[in-house]
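No value in this document is a laboratory result; all are computed from the given coordinates. Quantities reported herein were computed from a predicted structural model and do not represent experimental measurements.
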Amino acid sequence: MNILITGGAGFIGNHVVRLLVNKYPNYKIINLDALTYAGNLENLADVQNAPNYFFEKATILDIESLDKIFNKYEIDAVLHLAAESHVDRSIVSPLDFVYTNIVGTVNLLNAAKKYWANNLAQKNLFYHISTDEVYGSLGEEGLFTETTSYAPNSPYSASKASSDHFVRAYAETYKMPIVISNCSNNYGPFQFPEKLIPLFINNIISKKPLPVYGDGKYTRDWLYVKDHAFAIDLLLHKGTIGSTYNIGGFNEWQNIDLIKLLCKLMDEKLGNKQGTSEQLITYVKDRKGHDKRYAIDASKIKSELGWIPSLTFEEGLSETIDWYLNNKEWLEKVTSGAYQHYYEKMYANR
């Protein structure tokens, strides 16, 4: 198969690219990424010279580039991960999310529809990776299922909900072979340090405040990114065409409890007196449209395909902390912006 992965230099994307490049040497894995602030090709330094890996710097807003890439690589399947994903940024600049997450997705759907119209094959698939945030907020009980009504509350989740609807509409109108998955909060190595876990790891290392929104009693289901990549691989090959799957960690945590566990583990690993990092916790004004609770029912992918998380949250969090502590140079490059020069250094003369 020739697989186009959009956003492959991003957090989830680099794990998916690495997994498929290493697992399927007979596949061509094409990474399309615009290399905006969250795209970092250094994340893929270990596979950049693999014979089955190809990189294309392009944006999904450029229709002409998409058509060229489909024709150049004879694309069989799309794993669509490219997205603006940070809720706080969507509150400040919602139009960026409209363009990338909605218009970009429709551009990609059109490119696939156009190419596959003349090159249709049994293995064609448009796999759209989405978020549980499209479902809105839960009360104290209950879980999001694949049939939960959409009720997005932030510009980010509204843009992802719209893109989900377009993918389903193309399946219905144009008979596009699609799969959609909606995942819970991802964490793990290579995550850009604007998100909670890497931000707080970095702040503890630097002895900076740990800003906690509101009372900190917001509940999220946490999914280790490598387990998410395994699920994506499974759905790529065995997912039922036209279906939606929820992917979660079976793992709910209130933010404040997660943060206290993170502080405890960081103190142990840094040799600090217990309680040292907790003293950095600072409660700040709540953000707008903050959903109280997300919780995923991932029983469908478990029962149909046998997928379950490989690590407990405590194991995954400990492994994640170890990765950041062992890769302080990566963290420094990302926080300083130096990582943005990697493309010019490695690819400019190719």
Exercise for review: Could you give the spread of the C-alpha atoms of segment 1-143 along their three principal axes, from largest to smallest, in whole angstroms?
Suggested key: 47, 35, 31
Study note, to complete from the structure: One checks the Cα atoms of segment 93-222 and finds Rg and Dmax, in Å, of 18.1, 58
Review point. Which whole-number percent gives the relative contact order of segment 54-103, counting Cα pairs below 8 Å spaced six or more residues apart?
Key: 35 percent
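Express the Stokes-Einstein translational diffusion coefficient of segment 1-73 in µm² s⁻¹, to the nearest whole number, given a Kirkwood radius over alpha-carbon pairs, 20 °C and a viscosity of 1.002 mPa s.
On the way: Rh = 12.1 Å.
Translational diffusion coefficient: 177 µm²/s.
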**Study point:** Alpha-carbon centroids, segment 148-223 and segment 255-334: separation in whole Å
**Key:** 14 Å
Check your understanding: Can you give the Rg and Dmax of segment 155-222 based on its C-alpha atoms, in angstrom?
Key -> 17.6, 54
Exercise for review: Report Rg(Cα)/(2.2 N^0.38 Å) for segment 126-177, keeping two decimals.
Suggested key: 1.24
Practice item. From the C-alpha gyration tensor of segment 193-350, pull out the three semi-axes of the equivalent ellipsoid (sqrt of 5λ each), sorted largest to smallest, in whole Å. Key: 29, 24, 16
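Over the Cα atoms of segment 2-347, what is the Rg over Rh ratio if Rh follows Kirkwood?
Details: Rg = 19.6 Å, Rh = 20.6 Å.
Ratio of gyration radius to Kirkwood radius for segment 2-347: 0.95.
Using 0.36 nm times the number of residues separating ASP67 and LEU261, minus their current alpha carbon distance, what extension gain do you get?
Values: separation 194, 0.36 × 194 = 69.84 nm, distance 4.75 nm.
Length gained, ASP67 through LEU261: 65.1 nm.
Any idea what the relative contact order of segment 2-347 is, in percent, if you count C-alpha pairs under 8 Å spaced at least 6 apart? Walk me through the intermediate numbers first.
Working: 615 pairs, mean separation 61.8, N = 346.
Relative contact order comes out at 18 percent.
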Check your understanding: Rounded to the nearest 500, what is the chain's calculated 222 nm mean residue ellipticity when only DSSP H runs of at least 4 contribute -39500 (n - 2.57) each, over all residues?
Key -> -13000 deg cm²/dmol
Check your understanding: In the chain, what % of DSSP beta bridges are antiparallel (nearest 5)?
Key -> 10 percent
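Once you keep just the Cα pairs under 8 angstrom separated by 6 or more residues, what percentage relative contact order results for segment 203-350?
Values: 148 pairs, mean separation 48.9, N = 148.
Averaging sequence separation for qualifying contacts and normalising by length gives 33 percent for segment 203-350.
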